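A short reminder: the numbers here are calculations on the coordinates, not readings from a lab. From a predicted model like this one, the values you see are computed outputs, not experimental measurements. Here Cβ is always computed from backbone atoms with ideal geometry, including for glycine, and neighbour counts include all displayed protein chains.
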Amino acid sequence: MGDQIVAFSGIRQGGTAGQRDLLRIWLSTVGPRLLHNGAAVGADDVCLELAVQLGIPFELWPSTVVSQSVITRWAPHAAVVHPKAEPLVRNRFMVDRADRLIACTLSLEPVQRSGTWSTVRYALKMRVPVLMITADGQVRHYE
């Protein structure tokens, strides 16, 4: 395992096959020592599936929005399950504990009223590097 602690945020649509493949490559190559994940439907779920397959330990940060949660599926595999928090609050908690944020977005164009983009903006403000993987397979690093 690597020495990085990574936070993940992604779109609720689940991500594309390309995003999944690029995420798998990055996770298997870097092998972070810990992953923080919000356990939401969509890309979070995909990321957790990959983490289990690759043997990457993770902590879950569930949201208070129960209808968007996959916590029951992944809690048995988690190193830690943190208390529920409002979505944007828990995203900041994850970034505050990470060396890097991985964000799976629809495009490189910033979106208002998007939890993932809010998390990207916060990470950059806090000087946490961001690896962005878009739905069409573009990859950008922001330091």
Dividing the mean separation of Cα pairs under 8 Å (6+ apart) by the residue count of the chain yields a relative contact order in percent of 27
Along the dipole axis of the chain (charges at Cβ: +1 for Lys and Arg, -1 for Asp and Glu; origin at the Cα centre), the most positive-end residue among 10, 55, 22 is 10
Classify the chain as rounded, prolate or oblate, taking a ≥ b ≥ c as the square roots of the eigenvalues of its Cα gyration tensor: rounded when a/c is under 1.5, otherwise prolate if a/b is larger than b/c and oblate if not.
-> rounded
Dipole in debye (nearest 20) - segment 5-142, about Cα centre, beta carbon charges: Lys, Arg +1; Asp, Glu -1 = 300
Please list the non-local residues whose amide H lies under 5 Å from the amide H of residue 39, H modeled 1.01 Å from N, same-chain partners needing a gap of 5 or more.
-> 61
Taking the Cα centre of segment 58-115 as the origin, how large is its charge dipole in debye, to the nearest 20, when only Lys and Arg (+1) and Asp and Glu (-1) carry charge on their Cβ atoms?
-> 120
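When 29, 134 are ordered from fewest to most other Cβ atoms inside 10 Å of their Cβ, what list results?
Values: 29 8, 134 21.
Starting with the residue having the fewest Cβ neighbours, the order is 29, 134.
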Applying 1/(1 + (r/R0)^6) with R0 = 35 Å to the Cβ-Cβ distance of residue 127 and residue 72, what FRET efficiency is obtained, to the nearest 0.05?
-> 0.50
Potential lengthening between residue 25 and residue 80 on full extension [0.36 nm per residue; Cα-Cα distance subtracted] = 17.3 nm
